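So the structure is just underneath, and the comments pick up after that.
The values are calculated or read from the model by the stated rules, or taken from the named source; none is laboratory data. These numbers come from a predicted model, not from an experiment. As a convention, Cβ positions derive from the backbone with ideal geometry for all residues, glycine included, and neighbour counts pool all protein chains shown.
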Amino acid sequence: MSKKVIRTAFAGSGYAAKFHYEALMRLHSVKPEITGAFSPDAERLNLFTGPRNLKAFKSIEELIDNSDVIHVCTPPSTHEPIVIAALEKDRHVIVEKPFTGYFGDGNDDFCGDTFPREEGLKLTLASIKRMINAEKKSKGRIMYAENWVYAPSVIKEKEMLEKSKAQILWIHGEESHSGSHSLTYGQWKFSGGGSMIGKGCHPLSAALYFKQVEGKAREGKPLRPSAISARTHVITRMPGYLNEGHLRTTYKDIEDFAQMHVIFEDGTFADIFASELVLGGVHNWIEVNTNNHRTVCNINPNNAMQTYTPDERHFRDVYIVEKTETKQGWSSVSPDEGWFTGYQHEMEAFYRTAAFGEPLESDSRLAADVIATIYAGYLSAERKGTEVPVTLI
Ligand SMILES: NC(=O)c1ccc[n+]([C@@H]2O[C@H](COP(=O)([O-])OP(=O)(O)OC[C@H]3O[C@@H](n4cnc5c(N)ncnc54)[C@H](O)[C@@H]3O)[C@@H](O)[C@H]2O)c1
């Protein structure tokens with residue numbers, strides 16, 4: 001396979017930009033020329049570009065002009081304008097989750113806890129439409145950076161669904177941990193919500209993807225979500241919460257627990273949990289119950305490697321696994337976290353699409369279905385779990 005040079009740049013220079021960069025260093029099919037990065041905080045930008053010998057662009061426009069593929073690794077509130085500006089110049093965009101959302105009315109007194117969810121749903125659907133329309137007019141593609149779709153265990157289950165022609169009866173999944181590190185996460189005006197969107201989008205994407213795969217394998221067309229009942233809770237901001245210091249507690253106006261019951265057009269369903277209330281590291285798993293097999297994908301943690309130390313000082317300089325509070329005692333080590341979580345595989349797939357036009361698994365339709373389902377979920381949660389139909393774009 002010939003190697004084509006593609007110019008690449010990063011919008012954002014924080015956590016996601018770093019793991020995107022690491023994945024690019026290990027691409028096989030395509031050798032991207034990384035031109036540089038842009039983020040508004042010059043100091044943090046230089047900390048990212050300096051050690052990697054990248055150019056620090058002065059503006060997002062300069063970045064777009066100097067790249068073929070743009071990695072959108074910025075807070076969710078900025079995804080839509082960056083994606084549309086890039087697509088207008090026929091660039092491909094690799095956009096991080098969540099695809100888009102509702103980020104308030106711009107007023108200082110906007111409060112994520114109390115705004116009317118129906119309005120949020122309406123404006124979110126409008127945002128999705130603008131992004132999809134921009135893609136339709138562009139030579140560029142939206143590549144939705146949902147790493148769960150590319151996690152090896154999910155890819156294997158896809159093969160099993162296709163070859164066994166299984167009917168998925170119900171799905172059970174979760175993404176939880178002790179709280180996001182991002183400073184902007186926790187304020188609805190930047191994140192577009194809390195656990196339901198920030199974490200729940202991952203297992204929900206995998207569930208929606210599996211139903212797409214099932215539908216295509218048996219009927220030639222994807223099965224899509226039709227309705228949702230959801231509940232959200234705010235636990236770490238309860239006056240009675242007893243803070244032992246292990247969970248992040250600095251959320252301003254988002255939920256820290258969410259439960260989604262998603263019903264598909266064929267009457268089957270998925271139950272998804274997401275929270276900031278789980279100790280012991282990232283808890284990412286999805287279980288698929290079908291009429292001919294049952295699969296559990298343990299994305300994180302898994303037992304590929306386990307280690308024990310009586311004193312965590314021995315592992316002071318050793319990376320073990322994401323977000324565990326201690327390295328002492330037994331740990332489930334991730335020997336190659338980017339591989340198990342799908343970061344490596346998603347970049348390989350996206351660059352094969354960009355360079356050779358190969359089909360895209362995690363595309364704008366999946367991104368749109370996920371966000372439309374979640375914002376219908378916020379309306380349901382406002383109504384204490386009443387079922388709300390999902391509007392598909
Ligand atoms: N797939 C995953 O597992 C995963 C994990 C973490 C974060 N994310 C996603 O990645 C995105 C970024 O999150 P993060 O954790 O890196 O946050 P972060 O706070 O660490 O970094 C955000 C970066 O964006 C920059 N930025 C802010 N506004 C900008 C703008 N208008 N233009 C360009 N740059 C801008 C900031 O200066 C910062 O460099 C979010 O959408 C988040 O949900 C995904």
Open item on the list: Looking for something at pLDDT 95 or above and not in a helix (DSSP H, G or I) - is there at least one such residue anywhere in region 123-138?
Closed with: yes
- [ ] Scan region 100-111 and give yes if some residue there is under 30 Å from S380 (Cβ atoms), exposed (fewer than 15 other Cβ atoms within 10 Å of the Cβ), at pLDDT 95 or above and not aromatic (F, W, Y), otherwise no.
- [x] yes
TODO: State whether the residues of region 82-102 include one that is outside any helix (DSSP H, G or I), of a type outside the set (S, T, Y), farther than 23 Å from F38 by Cα and more than 13 Å from the ligand (Cβ to nearest atom).
DONE: no
- [ ] Go through the residues of region 285-306 one by one and say whether even a single one is without any contact (Cβ under 8 Å) to a residue 24 or more places away in the chain and either surrounded by fewer than 18 Cβ atoms within 10 Å (Cβ to Cβ) or basic (K, R) (or both).
- [x] yes
Open item on the list: Residues that are within 9 Å of the ligand (Cβ to nearest atom) and hydroxyl-bearing (S, T, Y), at least 1 per element: which helices (runs of 4 or more DSSP H) completely within region 9-72 meet that?
Closed with: 15-24
Task: Residue list for region 198-254, restricted to those being small (G, A, S) and surrounded by fewer than 24 Cβ atoms within 10 Å (Cβ to Cβ) - done: G215, A217, G220, S226, A227, S229, G240, G245
- [ ] For residues that are in a loop (DSSP other than H, G, I, E, B) and under 15 Å from the mean Cα position of the chain (by Cα), scanning just region 182-203, find the one that is nearest to the ligand (Cβ to nearest atom).
- [x] S182
